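Colleague: Quick one: the structure is below, and I'll ask about it shortly.
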Amino acid sequence: DAKTTQPNSMESNEEEPVHLPCNHSTISGTDYIHWYRQLPSQGPEYVIHGLTSNVNNRMASLAIAEDRKSSTLILHRATLRDAAVYYCIPFLTGGTSYGKLTFGQGTILTVHP
Amino acid sequence: DSGVTQTPKHLITATGQRVTLRCSPRSGDLSVYWYQQSLDQGLQFLIQYYNGEERAKGNILERFSAQQFPDLHSELNLSSLELGDSALYFCASTPGGWGEKLFFGSGTQLSVL
């Protein structure tokens with residue numbers, strides 16, 4: 001299974017951009033990269049996902065390295081409501097591993113007022 | 001509101017007992033995932049169903065079983081419960097296509113005393 005590496009924690013100030021990195025050097029060419037976040041006592045919430053090219057939505061942007069070994073989730077202007085655990089997850093699409101979304105430890109994002 | 005409904009929200013039971021957790025996916029979604037989240041293990045993928053058939057299996061114990069019914073709702077059965085089974089159990093659904101995003105329910109908090 002593909003493995004991911006994320007910083008344990010990051011901090012940001014409100015209204016500033018945040019760049020959350022993720023290394024996923026073992027994913028295959030057809031595995032998607034998903035990002036979810038989780039607030040305390042809530043279910044994970046989808047943020048964004050992509051395959052090869054950069055992606056944007058109303059919540060965030062996802063920048064995927066050309067070699068696909070890493071990606072960066074970008075929150076353009078952090079708010080206090082963005083404080084959460086952020087998970088970078090490869091969506092495996094090969095063989096018996098299809099559909100497995102395995103969550104790692106994630107990055108705890110703290111946003112300061 | 002993700003559109004995924006989990007019942008009950010809280011469940012308290014004793015060791016050795018059996019419980020059933022229920023999940024109703026979003027309207028039109030064919031695929032259901034089950035996850036277990038405990039403080040020391042993080043989010044663990046248990047099992048995935050697609051249109052009634054098991055599609056992927058994770059770290060699901062033999063004491064646990066699941067199924068997806070013709071109306072697409074799913075049940076997770078936990079038997080011979082142990083103290084260590086106390087956790088938040090999440091269900092997620094997705095239309096079932098290639099690499100699509102997951103929508104998570106708010107979870108069932110299981111406490112085994």
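Colleague: By its C-alpha gyration tensor, with a ≥ b ≥ c as the square roots of the eigenvalues, how is the protein assembly as shown shaped: rounded for a/c under 1.5, else prolate for a/b larger than b/c, else oblate? List each step's numbers first, then the result.
Modeller: Working: a/c = 1.90, a/b = 1.45, b/c = 1.31.
Prolate, because a/c is 1.5 or more and a/b exceeds b/c.
Colleague: If you consider only alpha-carbon coordinates, what radius of gyration and Dmax does the range B:52-96 have, in Å?
Modeller: Answer for the range B:52-96, Rg first and Dmax second: 11.9, 34 Å.
Colleague: Could you tell me the distance between the Cα centroids of the range B:1-53 and the range A:23-69, to the nearest Å?
Modeller: If we compute the Cα centre of each part, the gap is 23 Å.
Colleague: Rounded to the nearest 5, what % of DSSP beta bridges with both residues in chain B are antiparallel?
Modeller: On the way: 37 of 41 bridges.
Once the DSSP bridges in chain B are tallied, antiparallel ones form about 90 percent.
Colleague: Quick one: Karplus J couplings for the range A:41-47, per residue in order, coefficients 6.51, -1.76, 1.60, θ = phi - 60°, nearest Hz, x for Gly and Pro?
Modeller: 3J(HN,Hα) across the range A:41-47, in whole Hz: 6, 10, x, x, 10, 5, 10.
Colleague: What spacing in nm lies between the two simple spin-label points modelled at B:Asp40 and B:Ala14, each 7 Å away from Cα in the Cβ direction?
Modeller: Roughly 2.5 nm, to one decimal.
Colleague: Quick one: of the DSSP bridges fully inside chain A, what percent are antiparallel, nearest 5? Intermediate values should be presented prior to the final figure.
Modeller: On the way: 29 of 34 bridges.
Restricted to chain A, the bridges split so that about 85 percent are antiparallel.
Colleague: A further question follows. How do B:Leu46, B:Leu102, A:Leu62 line up, fewest other C-beta atoms within 10 Å first? Intermediate values should be presented prior to the final figure.
Modeller: Values: B:Leu46 20, B:Leu102 28, A:Leu62 23.
Result, fewest neighbours first: B:Leu46, A:Leu62, B:Leu102.
Colleague: Can you give me the pair-distance distribution of chain A, C-alpha pairs, 5 Å bins, whole percents?
Modeller: 2, 13, 24, 25, 19, 10, 5, 2, 0, 0
Colleague: Right, something else. So what are the ³J(HN,Hα) numbers for the range B:55-64, from phi and the Karplus equation (6.51, -1.76, 1.60; θ = phi - 60°), rounded to whole Hz, Gly and Pro as x?
Modeller: 10, 8, 10, x, 8, 8, 6, 5, 6, 9
Colleague: Okay, moving on. Please rank B:Lys57, B:Lys9, fewest neighbouring Cβ atoms within 10 Å first, as an exposure proxy. Don't skip to the end; give the middle numbers.
Modeller: Numbers: B:Lys57 13, B:Lys9 10.
With the fewest neighbours first, B:Lys57, B:Lys9 line up as B:Lys9, B:Lys57.
Colleague: Provide, for the protein assembly as shown, the number of lysine pairs with alpha carbons under 15 Å apart, each pair being eight or more places apart or on different chains.
Modeller: Numbers: A:Lys3/A:Lys69; A:Lys3/A:Lys100; A:Lys100/B:Lys57; A:Lys100/B:Lys101.
For the protein assembly as shown, qualifying lysine pairs total 4.
Colleague: How high is the relative contact order of the range B:20-113, in percent, with contacts defined as C-alpha pairs under 8 Å that are six or more residues apart?
Modeller: On the way: 201 pairs, mean separation 29.2, N = 94.
Computed over the range B:20-113, the figure is 31 percent.
Colleague: Still on this structure: With loop defined by DSSP as not H, G, I, E or B, and exposure as at most 11 other Cβ atoms within 10 Å, which is the longest segment of chain A clear of exposed GluC sites (Glu not before Pro)?
Modeller: On the way: sites that count: A:Glu15, A:Glu66.
Here the longest run is A:16-65.
Colleague: Relative contact order for chain A using alpha-carbon pairs under 8 Å, separation at least 6, rounded to a whole percent?
Modeller: Relative contact order comes out at 36 percent.
Colleague: May I ask you to list the GluC sites (Glu not before Pro) in the range B:5-113 that are in a DSSP loop and have at most 11 other Cβ atoms within 10 Å of their Cβ?
Modeller: Working: sites: B:Glu53, B:Glu54, B:Glu62, B:Glu75, B:Glu82, B:Glu100; in loops: B:Glu62, B:Glu82, B:Glu100.
When the GluC sites (Glu not before Pro) of the range B:5-113 are filtered for loop state and at most 11 Cβ neighbours within 10 Å, B:Glu62 remain.
Colleague: Okay, next question. Report, to two decimal places, the Cα Rg of the range B:1-108 normalised by 2.2 N^0.38 Å (N = number of residues). Spell out each step's value before the answer.
Modeller: Details: Rg = 13.1 Å, N = 108, 2.2 N^0.38 = 13.0 Å.
For the range B:1-108, the normalised Cα radius of gyration is 1.00.
Colleague: What does the net charge come to around A:Arg77 if you take all other residues with beta carbon closer than 13 Å to its beta carbon, with K and R at +1 and D and E at -1?
Modeller: Numbers: positive: A:Arg58, A:Arg81; negative: A:Glu14, A:Glu15, A:Glu16, A:Asp82.
In short, -2.
Colleague: Quote the FRET efficiency, to the nearest 0.05, computed for B:Asn77 versus B:Leu113 with a Förster distance R0 of 25 Å and r equal to the Cβ-Cβ distance.
Modeller: On the way: r = 19 Å, r/R0 = 0.77.
Taking R0 as 25 Å, the efficiency between B:Asn77 and B:Leu113 is 0.85.
Read-outs throughout are calculated quantities, based only on the coordinates presented, and are distinct from any laboratory measurement. For clarity, every value in this text was computed on a predicted model and none was experimentally measured. Note that each Cβ is placed from the backbone with ideal geometry, even for glycine, and that neighbours are counted across all protein chains shown.
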